[in-house]
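The values are calculated or read from the model by the stated rules, or taken from the named source; none is laboratory data. The model shown is predicted, which means the values in this text are computed figures rather than measured ones. Every residue, glycine as well, gets a Cβ built from its backbone with ideal geometry; the counts of neighbours run over all protein chains shown. Accessible surface is based on the protein model in full, side chains and every heavy atom, while ligands, DNA and RNA are left aside. Shrake-Rupley method; radii C 1.70, N 1.55, O 1.52, S 1.80 Å.
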Amino acid sequence: MSGSVTLGIYEKALKSPAEPDDWDAFMTQVAADGFTFMDLSIDESDKRMARLDWTAAQASAFRQAADRQGVQVGGICLSCHRKVGPGSADPAIRRRAYEIFLKAIDLAYETGIPLIQVAGYYAYYEDPDPGQRARYAEVLARAAEYAAQAGVMLGIENVDGNDITSITKGLSICDEVGSSWLSMYPDIGNLYEQELDAVSELRTGAGRMLAIHVKDVLPGQPRRITMGEGCADFPAAFAELARQSWSGRIMLEMWNDDSDQADQIVVNARKKVETWLRGAGMEVLDPRG
């Protein structure tokens, strides 16, 4: 047995609906482009951070649209912590980072989203200092306690930059926190962007990877590289997942910036990923059942 996967797409890969709250129009794209699920973005922008304060009615409308279109919501990509660093030297920023965790966990609970991707940035916009990692881990430990009460998983994403750049580093934080509700949400592309041994890193993560991101990259260029034109060796990475009999959700992380060709771009990328997965002996489940 080599494992089976469902494929999903990042919200930012698709065209935004003409009306911001027309989630049916958005979810229609997810289904039409052949994906089982999507991951919701809460990034540094005011527009997306405002989702942390959705009313119960707004959260319900989002969830109902997904259900109507037969689309799962795999997770929340909580990348706004790049702006509000949990490892900041400023106590006020750390309090704000913790509040963001609480609101995101509440939102996940309200919408039935099982997983929050935790960005592995300590304090991205601050000069590095020796205490950043410890402060990050302390805030994350408190967030994991709250997540456990809500029944929401937290998964650390290895990132670009200099902080949690590998699965190995992420697991060291998980081990320190010691919560069953905190594990890894690895980004295969970021492993290659950092020029790490991605296969070895994935082997290290065996049994502790809640879901996986895929994107193509080049060294020093972690975003907006066309799938199949970068340096990520997906056949090798997927062969390691097959060796582990890993099963779960794989999300294509792309940024198509409302391109008129967004649908075709993501369909082409999906087909390439499906070919690599099947070549590794993994089963790709049909979103239509």
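Ligands, DNA and RNA left out, the accessible area of segment 161-229 computed with a 1.4 Å probe is 42% carbon and sulfur. For segment 71-117, the list of trypsin sites (Lys or Arg not before Pro) that fall in a loop by DSSP and count at most 16 other C-beta atoms within 10 angstrom is empty. Among beta bridges from DSSP that stay inside the chain, the antiparallel ones total about 5%. If R0 equals 25 Å, the separation of the Cβ atoms of residue 223 and residue 244 corresponds to a calculated FRET efficiency of about 0.35. Normalised per residue, the accessible area of the chain is 41 Å², obtained with a 1.4 Å probe and no contribution from ligands, DNA or RNA. Our estimate of slack between residue 61 and residue 95, defined as 0.36 nm per intervening residue step minus the Cα-Cα distance, is 9.3 nm. Close Lys pairs in the chain (alpha-carbon distance under 17 Å; sequence gap of 8 or more, or different chains): 8. Loop-located GluC sites (Glu not before Pro) in segment 206-289 (DSSP state other than H, G, I, E, B) with a sparse environment of at most 15 neighbouring Cβ atoms within 10 Å: 229. Taking segment 90-111 and a reference point 7 angstrom along Cα→Cβ of residue 53, the backbone N atoms nearer than 18 Å belong to 93, 95-108.
The stretch between residue 109 and residue 199, if pulled fully straight at 0.36 nm per residue, gains 29.0 nm over its current Cα-Cα span. Take the Cβ atoms of residue 44 and residue 283, set R0 to 30 Å, and the FRET efficiency comes out at 0.25.
Modelled this way, with points 7 Å down the Cα-to-C-beta line, the labels at residue 126 and residue 15 are 4.2 nm from one another.
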